[in-house]
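Accompanying notes for the structure given below.
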Amino acid sequence: MIGLLKDLLSHQAWADAVFFWTWGASGALEDEDLRTRTDHMVAVQEAFIQVLKGHEAGFPKRPLPAFKELKARCEASHQVLNALGRGLDEAALAKTVRVPWIPDPPCQISVADALLQACLHSQHHRGQCMARIRALGSAPKNVDYIIWLWKQKPEPRW
């Protein structure tokens, strides 16, 4: 489980970096839909980091960030997620955490499931963003897991 989870975290960082390069080249840096969806994606990554660190997690109200801020926040969240992933063993993955934004009944899941959800949630919204890039007339990139494997598991290039 540990190896696969570390691979998923590494793939997620690579795929998000490719997404940001694709978005940056699209000429749609001010697109409100892309900024809104990406802000949500990154905010959820940040919230899961807080949950995994045992801190209170929330979604603060703030103005919609620009492309550069979103990219910087995303890169920073991946550095933390990958560091967390490297430090985990089977016992740590089995511990439970509470997801506070799903309150009733309380959502308590394993650390492994929290990391998996962070990856899958980003995958969902990254796909929506790539579809938006296509709708705006630019070419999206294929960031499927198998492409990452085929390319020999490249590191993200932010």
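Where a number appears in this text, it was derived from the coordinates with a stated rule and is not lab data. No experiment lies behind these values; they were computed from the predicted model shown. A quick note on method: Cβ atoms are made from the backbone with ideal geometry, for glycine too, and the neighbour counts reach across all protein chains shown.
Of note:
- Phi angles across region 35-45 convert, under the Karplus curve 6.51 cos²θ - 1.76 cosθ + 1.60 with θ = phi - 60°, into 3J(HN,Hα) values of 5, 5, 5, 5, 4, 4, 4, 5, 4, 5, 4 Hz, Gly and Pro given as x.
- For Cys107, the residues whose amide H sits under 5 Å from its own are Val99, Ile102, ignoring neighbours fewer than 5 places away on the same chain, with H placed 1.01 Å from N.
- Set of aspartates and glutamates with alpha-carbon distance to Lys153 below 20 Å, sequence-local pairs under 8 removed: Asp7, Asp16, Glu75, Asp144
- Rounded to the nearest whole Hz, the Karplus-based 3J(HN,Hα) values (6.51 cos²θ - 1.76 cosθ + 1.60, θ = phi - 60°) of region 4-9 follow the sequence 5, 5, 5, 5, 5, 5, with x at glycine and proline.
- For the chain, the residue among Leu120, Trp14, Val44 whose Cα projects farthest onto the positive side of the dipole built from Cβ charges is Trp14.
- Calculated diffusion of the chain, Stokes-Einstein form, Kirkwood radius summed over Cα pairs, 25 °C and 0.890 mPa s, µm²/s: 152 µm²/s
- Within region 28-78, the trypsin sites (Lys or Arg not before Pro) that combine a DSSP coil assignment with at most 13 other C-beta atoms in a 10 angstrom radius are Lys53, Lys61.
- The lysines within cross-link reach of Lys61, meaning a Cα-to-Cα straight distance under 30 Å and a gap of 8 or more places when in the same chain, are Lys53, Lys71.
- ³J(HN,Hα) computed for each position of region 83-89 - Karplus, 6.51 cos²θ - 1.76 cosθ + 1.60, integer Hz, glycine/proline x: 5, 4, x, 5, x, 9, 10
- Per DSSP, loop trypsin sites (Lys or Arg not before Pro) in region 84-158 with at most 11 further Cβ within 10 Å: Lys151, Arg157
- Region 50-107: GluC sites (Glu not before Pro) falling in loop per DSSP and having at most 15 other Cβ within 10 Å: Glu56
- Of all aspartates and glutamates in the structure, those lying under 12 Å Cα to Cα from Lys95, and not within fewer than 8 positions of it along the same chain, are Asp113.
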